[in-house]
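**Student:** Please read through the structure below; I'll follow up with questions.
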Amino acid sequence: MFINKNIELIDGTAMAYINDISAVVISDMHLGYEGTMAKSGIFMPQVNLKQIIKNLDAAMEKRKVEFLIIDGDIKNEFAGVGEAEFDELYKFAEFAKDKKMRLVLIKGNHDNFVERYKEQFKFDIHRQEAKIGNYLFFHGEDMPQKLESAKTLIMGHEHPAISIYSDVGKEERLRCFLYGKYKRKNLLVLPAISYFSNGTPVNTIPKGKLLSPIFKHVNIDEMHAIAIGYGSTMDFGKIKELKKLAKNNLHYQKIT
């Protein structure tokens with residue numbers, strides 16, 4: 001679905017396509033996650049990178065993609081670059097090279113020590129934010145700075161999702177984009193593309209518990225939740241309405 005003439009949210013995925021700069025933008029890949037969990041004795045199937053590449057491959061069949069912008073947290077560990085992370089970074093860089101995509105990384109809080117592989121993996125690396133065309137990309141753990149000439153702000157970090165409920169009170173969590181305004185500029189918050197991320201249910205947790213400082217200055221209740229799931233992307237309306245539905249459902253469960 002399109003949120004304006006230039007930005008398409010690719011159906012059923014946590015990816016956005018920006019037509020006027022020929023770019024796909026994703027966030028919070030957390031490559032190497034399975035390897036990190038294995039160190040703790042939790043063994044998981046190696047599906048994260050495979051799923052990301054599969055979705056990117058499909059997106060490129062119908063779209064001209066010159067840039068692949070990773071809006072923070074390409075890897076998972078905080079301290080260094082682990083063996084599993086290095087292996088997946090290499091595979092991902094080779095995929096981008098084969099597809100002739102230019103990789104642009106906006107560093108996130110998990111991306112320590114990635115610079116040492118900048119030349120090897122052919123990354124353009126920016127600390128915290130980068131302005132490309134009319135868009136300011138920033139990860140989200142810090143406030144954006146280069147606002148003057150940007151028309152649209154695009155961020156990650158928060159891993160947004162919504163909780164919805166069935167008639168019998170069963171909760172289902174759907175990852176979602178958030179779309180609204182910040183200082184009269186468009187603000188798009190990307191869901192985590194990581195296969196293993198359930199997301200943070202922004203319609204059921206207090207605003208004060210959100211990670212990104214920008215939400216202290218944004219009326220999140222007026223933002224639209226555009227959820228992904230089951231191969232589709234759908235606007236579920238404003239967060240304030242989803243909060244009401246969740247509150248009514250929880251009240252119903254208490255009295256029954």
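The values are calculated or read from the model by the stated rules, or taken from the named source; none is laboratory data. Just so it is clear, the structure is predicted and the values come from calculations on it, not from any experiment. Using ideal geometry, Cβ is built from the backbone for each residue, glycine included, and neighbour counts are taken over all protein chains shown.
**Student:** Being in a helix (DSSP H, G or I) and touching a helix residue (DSSP H, G or I) at 6+ places or on another chain (Cβ under 7 Å): is that true of PHE215 here?
**Tutor:** Yes, satisfied.
**Student:** Since ALA192 meets every condition but one in (1) touching a residue at least 12 places away in the same chain (Cβ under 8 Å); (2) over 18 Å from ILE239 (Cα atoms); (3) surrounded by fewer than 24 Cβ atoms within 10 Å (Cβ to Cβ), which condition does it not meet?
**Tutor:** (3)
**Student:** Additional query: Determine the pairs where a residue that is part of a helix (DSSP H, G or I), located within segment 46-64, has a partner that is surrounded by 14 or more Cβ atoms within 10 Å (Cβ to Cβ) and among the acidic types (Asp, Glu) with Cβ atoms under 6 Å apart, the partner being 6 or more residues away or on another chain.
**Tutor:** LEU49/GLU88
**Student:** Looking at segment 9-26, can you tell me whether even one residue there is farther than 26 Å from ASN186 by Cα, under 20 Å from the mean Cα position of the chain (by Cα) and in contact (Cβ under 8 Å) with a residue 12 or more places away in the chain?
**Tutor:** Looking for residues that are farther than 26 Å from ASN186 by Cα, under 20 Å from the mean Cα position of the chain (by Cα) and in contact (Cβ under 8 Å) with a residue 12 or more places away in the chain, one finds none in segment 9-26, hence no.
**Student:** Examine segment 163-186 for a residue that is surrounded by fewer than 18 Cβ atoms within 10 Å (Cβ to Cβ), assigned to a loop (DSSP other than H, G, I, E, B) and of a type in the set (Asp, Glu), and state whether such a residue exists.
**Tutor:** Among the residues of segment 163-186, at least one is surrounded by fewer than 18 Cβ atoms within 10 Å (Cβ to Cβ), assigned to a loop (DSSP other than H, G, I, E, B) and of a type in the set (Asp, Glu), which makes the answer yes.
**Student:** Which pairs have Cβ atoms under 8 Å, sit 6 or more apart or on different chains, and link a residue in segment 211-236 that is of a type in the set (Val, Ile, Thr) to one that is in a helix (DSSP H, G or I)?
**Tutor:** ILE220/LYS207; ILE220/ILE239
**Student:** Hey, among LYS131, LYS97, LYS122, which residue is on the phi > 0 side of the Ramachandran plot and surrounded by fewer than 19 Cβ atoms within 10 Å (Cβ to Cβ)?
**Tutor:** LYS122
**Student:** Just to be sure I understand the filter: pairs with C-beta atoms under 8 Å, separated by 6 or more residues or on different chains, first member in segment 134-150 and under 15 Å from ASN109 (Cα atoms), second member of a type in the set (Lys, Arg) and at pLDDT 90 or above. Which pairs pass?
**Tutor:** Close Cβ pairs satisfying both conditions: PHE137/LYS131.
**Student:** Same structure again: Can you tell me which residue within segment 39-84, out of those that are of a type in the set (D, E, K, R) and within 15 Å of LEU105 (Cα to Cα), is surrounded by the most Cβ atoms within 10 Å (Cβ to Cβ)?
**Tutor:** ASP71
**Student:** I would also like to ask the following. Tally up the residues in segment 138-165 that are under 15 Å from LYS243 (Cα atoms) and of a type in the set (S, T, N, Q), please.
**Tutor:** 1
**Student:** Please determine, by comparing only the residues of segment 213-256 that are modelled with pLDDT of 95 or more and small (Gly, Ala, Ser), which one is farthest from SER197 (Cα to Cα).
**Tutor:** Checking each candidate, the answer is GLY237.
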